[in-house]
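The values are calculated or read from the model by the stated rules, or taken from the named source; none is laboratory data. Just so it is clear, the model here is predicted, and its values are computed rather than measured. Cβ sites come from the backbone with ideal geometry, for glycine too, and all protein chains shown count toward neighbours. Keep in mind that these areas ignore ligands, DNA and RNA; they rest on the heavy atoms of the full protein, side chains included. Shrake-Rupley method; radii C 1.70, N 1.55, O 1.52, S 1.80 Å.
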Amino acid sequence: MQQSVLIAPQHSRLKERPTPTVGPMDVLVRVRACGICASESHGWLGDGGRYPREYGHEVAGDVVEVGAEVKDFRPGMAVTGLFQKGFAEYAVTPQTHVTPMPAGYGYDIALGEPLSCVISGARRTPIDLGDTVAIVGAGFMGLLALQVTRLKGASRVIVIDPRQEALATARRYGADETLTPDEVNQNEKMRMMDISQVGLGYGVDVVIEASGTQAGLTLAGQMVREHGFLSVVGYHADGLRQVDMALWNMKAMVMLNAHERRADYQMDCMRRGLRLMAAGRLDVASLITHRFNLSQVDDAFRALMTKPAGFIKAIIC
């Protein structure tokens, strides 16, 4: 089979590789679509680690072969799930990491893995009816988080991003208010920075950090009110982060690392996200804006990094 392999920073190459072997509990899938994820962008840019690397984990495709002990899947089924090495013609994973795609959705839309991430974060983030929620970062994950936050009953959702185009997009997806980081800093009541502000309505109930950047994490921590909640959905893979623990301690705030490593819980969240999408409660289709083929993985990552006009999400298909 053909596989796109990252042989050096920002330099992928198509290579002939053996089609993955299928164990007794495995499912082999012909990859029809694989999303470009920011969590892999740091390795693509060059992080000082060793190469080559095999990326791609947001897979949807057709089952072509199943192991002898697999009962719930058969060749020809359209599936998505938890995969590795997905920038390839074929990928294999255990049957417990696969779920059927909802009928009527293309492979380029029904990418289960990012849905599992946003649903997991939403389920573990305590948003109460009537809460004010701020989302820092209006990329693909931030816009999914915005939609799910509305479903959970927030009365006011504020989206923060330095890009005006991203803020305009957030308004289309239901943001009540959109601000740049500079505008947040100029609004004294948007941040709680001192113990004298306790009880005066400074800050917001819940902040979802979806930028994956130091600046976004810093701003998110400042925006949480006393005894508020910070949910870190952004993937911070490009080095150490600094936090103002004195400020966080003063506020008695709660912080959640919203990432998940329990595969059974991830799959449950994935199925919930796919059901919401199939019910028309979660719009994924309009977030997929740029499509590339298997020989263009580097172009897809460049689009992620440079964000040309209209960019939200790139996929390989």
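A quick yes/no check of all residues on (1) open to solvent by 40 Å² or more (accessible area, probe 1.4 Å); (2) out of contact with any helix residue (DSSP H, G or I) (no Cβ under 9 Å at 6 or more places or on another chain); (3) in contact (Cβ under 8 Å) with a residue 12 or more places away in the chain:
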site	(1), (2), (3)
Ser196	yes, yes, no
Ala220	no, yes, yes
Met245	yes, yes, no
Met253	no, no, yes
Asn257	yes, yes, yes
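For segment 200-221, taking the residues that are out of contact with any strand residue (DSSP E or B) (no Cβ under 8 Å at 6 or more places or on another chain) and hydrophobic (A, V, I, L, M, F, W, C), the one that is farthest from Gln242 (Cα to Cα) is identified as Leu200.
In segment 37-63, the residues that are among the β-branched types (Val, Ile, Thr) form Cβ pairs under 6 Å with partners that are open to solvent by less than 40 Å² (accessible area, probe 1.4 Å) and assigned to a loop (DSSP other than H, G, I, E, B), at six or more places apart or across chains, as follows: Val59/Phe83; Val59/Gly86; Val63/Phe73; Val63/Met77.
Restricting attention to segment 100-117, the residues that are open to solvent by less than 10 Å² (accessible area, probe 1.4 Å) and either in a strand (DSSP E or B) or in contact with a helix residue (DSSP H, G or I) (Cβ under 8 Å, 6 or more places away or on another chain) (or both) add up to 5. If the condition is being closer than 30 Å to Leu304 by Cβ, open to solvent by less than 50 Å² (accessible area, probe 1.4 Å) and in a loop (DSSP other than H, G, I, E, B), then segment 151-190 contributes Ala154, Asp161, Tyr173, Gly174, Ala175, Thr180.
Scanning segment 78-96 for residues that are surrounded by fewer than 24 Cβ atoms within 10 Å (Cβ to Cβ) and not in a strand (DSSP E or B) gives Leu82, Gln84, Lys85, Glu89, Gln95, Thr96.
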